[in-house]
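The block underneath contains the structure these notes are about, expressed in structure tokens.
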Amino acid sequence: MSYNLAFDSSSRFGDAKSTGIFPGLGVGWLISSENFMANNNLIDKLKLRASYGLTGNDGIGNYNAESYFVSTRFLEGTGLINGNIAKSSIRWEETTKANIGLDLGLLNERVSVNLDYFNNVTDSLLNQTSISPVFGSEGFLSNDGKLKNKGFELGINARVINTDNFTWDVGGNISQYKNKIISLPGDQQIYEIAGVNATIINKEGSALGLFYGYKTDGIYNNATEASSEGLNWVDFAGFEQPFAAGDVRFVNSDASDNVINEDDRVVIGNPNPDFTGMVYNTFTYKNVSLSAIFSFSQGNDVYNAQRWQTESMSGLANQSEAVANRWTVANQNTNIPRAVYGDAVGNSRFSDRWIEDGSYIRLKTLSLSYSPDFFNATVFLTANNLFTITDYLGFDPEVSSSQTSYLQGIDAGLTPQYTSVLVGVRVGL
């Protein structure tokens with residue numbers, strides 16, 4: 001169901017008129033005036049929009065509400081084990097969406113401004129609830145969760161120059177969103193992402209999909225530095241071993257002991273950007289048009305799993321050139337630890353060593369076109385992803401290995417966006 005409230009005004013403001021009740025449950029009004037602001041040379045259009053809606057997500061799956069068994073192999077035979085724990089009360093997620101917007105037309109509509117603010121709340125959030133392993137399952141799907149998303153989007157478009165032979169249009173938009181987990185089963189959920197050595201935490205009161213790992217503070221340059229802090233790591237047999245020269249200096253976040261273990265993990269990154277947007281310029285001279293579109297993102301962190309694979313130095317696989325600067329007795333002024341086969345110390349564990357700033361500015365599209373007067377056609381040349389300005393060390397900062405909402409910002413080596421050039425002709429009939 002949805003409720004809609006809209007107000008529209010222009011340079012011809014006059015009597016207020018109600019559009020009445022629309023089909024369904026929507027209600028709307030249109031307020032116009034023929035005299036109000038009739039002599040105003042600044043504002044040509046003023047429109048206030050408001051909407052409220054309720055939507056659902058039916059991604060429950062086919063059998064998550066049922067209890068069933070699956071076959072498994074055990075020793076020389078097969079048997080049946082629990083395939084799912086029934087949760088017959090699961091239902092759709094429900095998202096309440098509220099939006100308010102403002103549209104402005106200024107200076108004979110040579111400048112337009114669009115501002116939107118939204119506040120969405122998802123209730124009965126579908127997620128996996130963990131249970132004791134004695135039940136023969138890792139958990140079951142439930143509706144125990146609540147998530148809030150709010151933010152704004154501002155768009156501005158303007159015609160800077162408008163002559164018979166030449167026009168210049170410029171504009172863009174900027175948007176920001178903030179998500180917050182209101183409730184979760186057990187207050188928090190920790191996900192170990194197989195294959196990429198990543199850990200994600202969802203926690204009440206925090207944003208979605210935060211990177212959860214170890215903080216670092218450089219490298220132990222020598223044995224004196226390593227022994228002075230008195231920190232240890234735990235080997236495969238459960239015995240504590242001291243860190244040595246050339247090991248990563250991990251921060252002991254849990255001061256109750258002198259051991260670096262899972263209790264020392266903290267939030268080390270946030271894949272959610274501070275803001276994103278785009279800017280465009282379009283120049284038109286007679287029949288020739290040149291357009292450039294830039295996109296940007298600021299403040300989002302990216303886990304560079306490619307660096308983890310090529311700088312761990314724990315096996316026989318090829319490594320990147322960066323490891324040539326690793327710690328050795330003769331090269332102690334470095335931020336790359338010593339090479340240890342097998343990495344029993346855990347120097348390559350999921351830490352802020354692999355978290356990078358994913359902010360960027362990218363020339364997304366550059367297009368040149370020509371439309372002759374004597375023929376209904378357009379000849380064009382379009383280039384995409386020409387260059388990107390970023391401090392990110394991977395191939396592409398605009399990357400994510402999954403569409404899952406809490407698995408964003410993980411660079412697992414998928415094909416990056418590539419540069420392309422397209423030449424063509426559009427013909428109208």
Legend entry - Verdict on residue 279 being farther than 30 Å from residue 403 by Cβ and aliphatic (A, V, I, L, M): no
Legend entry - The one condition in (1) at pLDDT below 95; (2) under 27 Å from residue 278 (Cα atoms); (3) not charged (D, E, K, R) that residue 141 fails to fulfil: (2)
Inset, instruction - Take the stretch 329-352 and flag every residue that is under 11 Å from residue 221 (Cα atoms) and surrounded by 12 or more Cβ atoms within 10 Å (Cβ to Cβ). - result: 331, 332, 334, 335, 336, 337, 338
Inset, instruction - Name the single residue, out of those in the stretch 208-230 being at pLDDT 95 or above and of a type in the set (A, V, I, L, M), that is farthest from residue 308 (Cα to Cα). - result: 210
Inset, instruction - Among the residues of the stretch 362-392, write down those that are within 25 Å of the chain's Cα centre (by Cα) and surrounded by fewer than 16 Cβ atoms within 10 Å (Cβ to Cβ). - result: 386, 387, 389, 391
Legend entry - Residues satisfying the stated conditions in the stretch 47-96, i.e. in contact (Cβ under 8 Å) with a residue 40 or more places away in the chain, touching a Phe, Trp or Tyr at 6+ places or on another chain (Cβ under 7 Å), outside any loop (DSSP other than H, G, I, E, B) and of a type in the set (A, V, I, L, M): 48, 81
Legend entry - Enumeration of residues in the stretch 310-352 that are free of Cβ contacts under 8 Å to residues at least 24 places away in the same chain and polar (S, T, N, Q): 310, 318, 319, 320, 325, 331
Legend entry - Counted residues, the stretch 73-100 - those being within 30 Å of residue 52 (Cα to Cα) and touching a Leu at 6+ places or on another chain (Cβ under 8 Å): 7
Inset, instruction - Using the structure shown, decide if residue 140 is under 30 Å from residue 93 (Cβ atoms), aromatic (Phe, Trp, Tyr) and free of Cβ contacts under 8 Å to residues at least 40 places away in the same chain. - result: no
Legend entry - Number of positions in the stretch 130-143 that are crowded, with 17+ Cβ neighbours inside 10 Å and assigned to a loop (DSSP other than H, G, I, E, B): 1
Inset, instruction - Filter the stretch 193-240 down to residues that are over 30 Å from residue 145 (Cβ atoms) and in contact (Cβ under 8 Å) with a residue 40 or more places away in the chain and give me whichever is surrounded by the fewest Cβ atoms within 10 Å (Cβ to Cβ). - result: 236
Legend entry - Residues of the stretch 273-306 satisfying the condition of being surrounded by fewer than 18 Cβ atoms within 10 Å (Cβ to Cβ) and either in contact with a helix residue (DSSP H, G or I) (Cβ under 9 Å, 6 or more places away or on another chain) or among the small types (Gly, Ala, Ser) (or both): 291, 292, 299
Inset, instruction - With the checklist (1) loosely packed, with under 14 Cβ neighbours inside 10 Å; (2) farther than 23 Å from residue 111 by Cβ; (3) at pLDDT 80 or above in hand, flag the one item residue 55 doesn't pass. - result: (1)
Legend entry - Residue among 108, 120, 99, 127 that is within 29 Å of the chain's Cα centre (by Cα), of a type outside the set (Lys, Arg) and surrounded by fewer than 17 Cβ atoms within 10 Å (Cβ to Cβ): 99
Inset, instruction - Would you please name the residue that is nearest to residue 412 (Cα to Cα), looking only at residues in the stretch 356-374 that are assigned to a loop (DSSP other than H, G, I, E, B) and touching a residue at least 24 places away in the same chain (Cβ under 8 Å)? - result: 358
Legend entry - Count of the stretch 174-208 residues which are of a type in the set (Phe, Trp, Tyr) and under 14 Å from residue 120 (Cα atoms): 1
Inset, instruction - Could you tell me whether residue 281 is modelled with pLDDT under 95 and in contact with a strand residue (DSSP E or B) (Cβ under 7 Å, 6 or more places away or on another chain)? - result: no
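The values are calculated or read from the model by the stated rules, or taken from the named source; none is laboratory data. Note that the coordinates shown come from a computational prediction; the quantities given were computed from them, not determined experimentally. Cβ coordinates were reconstructed from backbone atoms using ideal geometry, including for glycine residues, and neighbour counts include every protein chain displayed.
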